[in-house]
Each structure stands twice: as C-alpha cells, then as structure tokens.
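Trainee: Okay, handing you the structure first.
The values are calculated or read from the model by the stated rules, or taken from the named source; none is laboratory data. If you're wondering where the values come from, they're calculated on a predicted model, not measured in any experiment. Counting neighbours? That spans all protein chains shown, and the Cβs are built from the backbone with ideal geometry, glycine included. Note: accessible area is taken over every heavy atom of the protein model, side chains too, but ligands, DNA and RNA are not part of it. Shrake-Rupley method; radii C 1.70, N 1.55, O 1.52, S 1.80 Å.
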Amino acid sequence: MARPRRYDPDRRDRLVAAALRVVRRDGIAALSHRAVAAEADVPLGSTTYHFSSLDELLVAALREVNAGFAEQLRSGAGRAGDDLAGGLARLLGEWLGAERSQVELEYELYLAALRRPALRPVAAEWTEEATAALAPRTGRATARALIALLDGIGLQVLLTGAPYDEAHAREMIARILNEGPKTQAGGLSDAPARPPGT
C-alpha cells in the first residue's frame, strides 16, 4: 500500500521558483503543471498535489514576486539626502534598471489578474501594501496617486522601450506631492465632503 504524501513546504517553494522561471523564460501562456514539474525536476503528481489548479500556482507566484516591494518603498525612498520625490524616482529607476526579464515577469503576473479573477485579490494586496508603505509620509489619497503614477511610468518604459527619465519622473511625483492639501498626512483628505448646509 502506497504511503500518503505529506505537504512539503520546501517542495512547494521549489515549485513556485520553477513556475517563475517558466513564466520569465516563456511567458504565462506556457505555464502548466507539466512544464513546472519538468522545470523543477519532480514528478507531475507532486505539482498537482501542492497546487490543485494553475490559478493556485499563479497566486503563489504573484505573492512571491510581490514580497519585499513595500519594504523597498519604506526604506529605499528615504535614503539620506533624498527628498521623497527624488527617492521614489531613484527607486523606480533602480527597479527598471534591474534584470529586464524579472521586471517583465512581475508585470506579466500582475496584469494576468485582468483575465484571472483569482489573482485580483493578490494584485489588490500589492497595491494596498505599497499604499500603506507611503501613507505615513503622504496620506492615503496621495499614496494611491503616487503608486498609480509609478505603475504608469513603469509600463510606458517597458512597452515603448523608451529610456527611463528620472528627472521627469521626479518632477511628476513632486507635482502630486505639492498638489495635495497639507492636512492630507493626517487623513483629512480621505474624508468624504459634506453636502452644503450640513
């Protein structure tokens, strides 16, 4: 009688790493249990045991690439000598200047949520974590606007092949920071406006 398999967190991590390599090399359309098993050099049954569906595997992969970015925002945007706009512009440049396949992998998994509803909560988690990382310095409304701007600049650079312009990014970030009300850091900007006469 065959012994029942046991959940193996190390094997699971190995499968997630293999899935990320498959997507980085061949794109998300190439991802399958069989491709991941071959990449990880494990039996196919091991992949389906730890991840019953591709969506479950993609959720784990997206969480893996998301890990640590919020912490980079907390620490990397606040180096000595940096104002916030300069720090964020520099951080974005460092991220886009890293290995191109890794940056494309992160966006491909993030944008996969458009057609895979199971990924949307994880994509929303990333946005929330990034917003929470900046909110203590900017207020939540401005933090959300900054994350949207950083996302947009990153996508433009990737899709057009244009070089990243750190000075332009800093100027756009500074505009968002300067246009927000000074009370925003206290959270007042997030309160809904009262109707006249109330």
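Trainee: Assess whether ARG74 counts as being over 20 Å from the mean Cα position of the chain (by Cα) and open to solvent by 40 Å² or more (accessible area, probe 1.4 Å).
Mentor: When the stated conditions are applied, ARG74 does not pass them.
Trainee: Please indicate, with yes or no, whether at least one residue in the range 79-86 is farther than 25 Å from ARG25 by Cα and in contact with a Leu (Cβ under 8 Å, 6 or more places away or on another chain).
Mentor: yes
Trainee: Name the residues in the range 89-113 that are under 23 Å from VAL22 (Cβ atoms) and over 14 Å from the mean Cα position of the chain (by Cα), would you?
Mentor: Across the range 89-113, the qualifying residues are ALA98, GLU99, ARG100, SER101.
Trainee: Right, something else. Quick one: in the range 133-147, which of the residues that are open to solvent by 40 Å² or more (accessible area, probe 1.4 Å) and over 22 Å from ASP165 (Cα atoms) is nearest to the chain's Cα centre (by Cα)?
Mentor: Residue satisfying both the conditions and the ranking: ARG140.
Trainee: Out of all the residues in the range 148-198, which are part of a helix (DSSP H, G or I), open to solvent by 70 Å² or more (accessible area, probe 1.4 Å), modelled with pLDDT under 50 and farther than 20 Å from ASP83 by Cα?
Mentor: If the condition is that a residue be part of a helix (DSSP H, G or I), open to solvent by 70 Å² or more (accessible area, probe 1.4 Å), modelled with pLDDT under 50 and farther than 20 Å from ASP83 by Cα, then LEU188 is the only one that fits.
Trainee: ARG63 - would you say it is more than 11 Å from the chain's Cα centre (by Cα), surrounded by fewer than 18 Cβ atoms within 10 Å (Cβ to Cβ), among the basic types (Lys, Arg) and at pLDDT below 95?
Mentor: no
Trainee: Working carefully through the options ASP26, ASP8, ASP55, find the one that is out of contact with any strand residue (DSSP E or B) (no Cβ under 8 Å at 6 or more places or on another chain), among the acidic types (Asp, Glu), modelled with pLDDT under 95 and surrounded by fewer than 13 Cβ atoms within 10 Å (Cβ to Cβ).
Mentor: After ruling out the rest, the residue left standing is ASP26.
Trainee: Here is a further query. Within the range 109-127, does at least one residue satisfy the condition of being closer than 22 Å to LEU146 by Cα, in contact with a Gly (Cβ under 9 Å, 6 or more places away or on another chain) and open to solvent by 50 Å² or more (accessible area, probe 1.4 Å)?
Mentor: no
Trainee: If you don't mind, there's one more thing I want to ask. Condition first: in contact (Cβ under 8 Å) with a residue 12 or more places away in the chain, under 20 Å from the mean Cα position of the chain (by Cα) and in a helix (DSSP H, G or I). Now tell me which residues in the range 16-51 satisfy that.
Mentor: If the condition is that a residue be in contact (Cβ under 8 Å) with a residue 12 or more places away in the chain, under 20 Å from the mean Cα position of the chain (by Cα) and in a helix (DSSP H, G or I), then VAL16, ALA17, ALA18, ALA19, LEU20, ARG21, VAL22, VAL23, ARG24, ARG25, ILE28 are the ones that fit.
Trainee: Follow-up. Filter the range 85-101 for residues that are assigned to a helix (DSSP H, G or I) and either open to solvent by 50 Å² or more (accessible area, probe 1.4 Å) or among the hydroxyl-bearing types (Ser, Thr, Tyr) (or both) and give the result.
Mentor: Matches in the range 85-101: GLU94, ARG100, SER101.
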